[in-house]
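Comments concern the structure below.
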Amino acid sequence: MNDAAATATLYAMRRNLLRREPVRDEDFDALYPSNVRAASQTFWTPVRVAQRAAMLLAGDRPDIRVLDVGSGPGKLCIIGALTTSARFTGIEQRPNLIAAARSAASRLEVERAAIFVEGEIQSIEWETFDAFYFFNPFMENLYSERTKFDHTVELSRTRFMRDVSAARCKLRRTRAGTRVVTYHGLGHTLPSVFRLEHRERAGSDYLELWVAGAAAARAAEPQRGT
Ligand SMILES: C[S@@+](CC[C@H](N)C(=O)[O-])C[C@H]1O[C@@H](n2cnc3c(N)ncnc32)[C@H](O)[C@@H]1O
């Protein structure tokens with residue numbers, strides 16, 4: 001494909017995303033380097049699922065701040081930034097995935113509404129967000145050696161327990177009304193202050209919308225991690 005054709009394809013895809021119309025995953029994933037593209041089916045949220053998840057997280061409410069916990073190459077954040085008026089942040093441990101996310105966001109011209117922070121999930125202030133997305137981010141710790149994305153980060157059962165516990169602990173401290181959307185779950189139940197408000201079939205699993213209850217419900221919640 002020559003440069004003019006590639007630019008036209010990119011703009012057509014951007015326009016379809018803005019209109020919440022279907023976009024093929026193979027077209028979106030063409031924004032990424034080959035190793036990131038190759039992992040898409042297992043590791044990244046499909047476009048159609050991301051479009052629905054963004055609506056459940058933010059809908060048409062203005063000024064919502066959403067955190068994608070373990071954002072990979074940023075599909076959820078980028079699609080969310082194009083389909084809602086919310087601001088999306090991704091926290092991701094792998095520098096090459098942060099680079100892929102920033103590059104894709106730049107090509108689709110959403111750099112201001114989709115921000116990517118390199119680091120571990122504990123390194124960001126969860127209190128500043130209104131909504132959280134989890135595509136089963138810690139499960140890779142339990143995958144067989146050949147199914148893991150790569151071996152550049154610590155992956156172990158101990159880390160799985162630690163990260164799930166840290167995420168639940170952070171969620172327990174969020175404000176009433178905080179929304180959590182899961183795809184393939186979180187690896188554990190949500191803290192009991194969260195109530196399941198909606199569940200729908202999506203991609204290879206379900207999207208679930210959980211909403212945090214009021215402070216009274218929190219007082220009854222044990223303060224331990226898991
Ligand atoms: C299943 S992928 C989902 C990616 C993205 N949220 C999506 O839906 O397309 C999970 C991602 O979480 C990241 N991750 C896992 N544990 C993490 C941690 N403790 N801190 C930061 N990132 C983490 C992994 O590197 C991986 O990119």
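Annotations
- By DSSP, the beta bridges lying fully in the chain are antiparallel in about 45 percent of cases.
- Distance in nm between pseudo-label sites at M139 and A38 (7 Å out along the Cβ direction from Cα): 2.2 nm
- If you wrap region 128-197 in the convex hull of its Cα atoms and look at it from every side, the mean projected area works out to 5.3 nm².
- Length gained when the stretch R173-R14 is fully extended (0.36 nm per residue, less Cα-Cα span): 53.6 nm
- Percent of Cα-Cα distances greater than 15 Å, calculated over region 1-72: 63 percent
- Sites E21 and V117, calculated FRET efficiency, Cβ-Cβ separation with R0 30 Å, nearest 0.05: 0.50
- On Cα atoms only, tilt of 47-57 relative to the major axis of the chain in degrees: 40 degrees
- Three-way shape label, region 71-184, alpha-carbon gyration tensor, a/c 1.5: oblate
- Each listed q (0.10, 0.13, 0.15 Å⁻¹) maps to a log10 I(q)/I(0) for the chain from the Debye sum over equal C-alpha point scatterers, namely -0.43, -0.73, -0.97.
- Between E154 and E127, the modelled label-to-label distance comes to 2.6 nm, taking each label 7 Å out from Cα in the direction of the beta carbon.
- Mean Cα-pair separation over length for region 32-147, i.e. relative contact order, pairs under 8 Å, 6 or more apart, %: 28 percent
- Estimated [θ] at 222 nm from DSSP helical runs (n ≥ 4, -39500 (n - 2.57)) normalised by residues in the chain, nearest 500: -10500 deg cm²/dmol
- A Förster radius of 25 Å combined with the Cβ-Cβ distance from E109 to Y206 puts the calculated FRET efficiency at roughly 0.20.
- Part-to-part distance (alpha-carbon centres) for region 103-174 and region 46-73, which is given in Å: 14 Å
Each value in this text was obtained by applying a stated rule to the coordinates, not by laboratory testing. These figures come from a predicted structure and were not determined experimentally. Every residue, glycine as well, gets a Cβ built from its backbone with ideal geometry; the counts of neighbours run over all protein chains shown.
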